[in-house]
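No value in this document is a laboratory result; all are computed from the given coordinates. Keep in mind the model is a prediction, meaning the values are calculated, not measured. Glycine also receives a Cβ, built like all others from the backbone with ideal geometry; neighbour counts cover every protein chain displayed.
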Amino acid sequence: MPTPSTIDKLPEDILRQLQQLLQDPRCTQLEATAKINQVLEAEGHPERVSKSAVNRYAVRMEEVGARLRQSREVAQMFISQVGAAPQGQTGLLINEMLRSMAFELSLKMQEADVEDPEAMSATIGQLKNLALTMQRLEQSATINVKRESEIRKQALIDAADTAVVEVKKGGLSDDAADQIRRKILGITT
């Protein structure tokens with residue numbers, strides 16, 4: 001097992017500072033390295049980060065960011081094709097991300113050293129958990145869509161019933177009121 005990077009050993013607050021520095025386009029990696037080392041020294045931490053460790057971390061974070069941006073683009077494209085409501089975009093995005101992760105994990109499994117049964121077992125366990133999570137998310141999305149449809153349908157029925165009561169109070173005949181109700185509910189016969 002590889003030794004943890006000096007970046008991974010940073011205290012949480014200093015790691016956040018490093019992340020902010022790396023996100024700032026005005027700050028170079030060399031400047032970020034120097035500033036983080038100054039903070040470490042000022043707070044009495046004996047360890048220091050190297051330029052190469054900061055660079056590896058920045059590259060890794062950029063790769064993660066690129067994958068996330070790509071997943072969002074795919075999800076947005078998918079959402080625009082199915083016309084999902086905006087509140088469902090997060091769920092669709094998560095599903096797309098999980099699908100992407102499952103695909104990447106299956107590729108890694110194909111490349112993995114099959115001689116190491118422990119590593120293979122862990123990877124299979126991760127894939128199983130990922131599949132179970134996706135199944136639960138899909139079920140939740142289906143339940144939410146059904147619930148939203150039922151709420152809209154009930155709201156339409158309530159609106160139609162209220163309209164009928166009000167038009168009858170105004171002196172409209174039962175037939176005319178029923179016709180209005182049917183129109184509101186979209187009943188054609």
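Miscellaneous remarks
- Dipole-positive endmost among SER5, PRO25, VAL39 within region 1-83 (Cβ charges, Cα centre): PRO25
- When the alpha carbon coordinates of region 1-83 are projected onto the principal axes, the ranges are 55, 36, 20 Å, largest first.
- Inter-label distance, ARG16 to ALA131: 3.9 nm, where each label sits 7 Å from its Cα along the C-beta direction.
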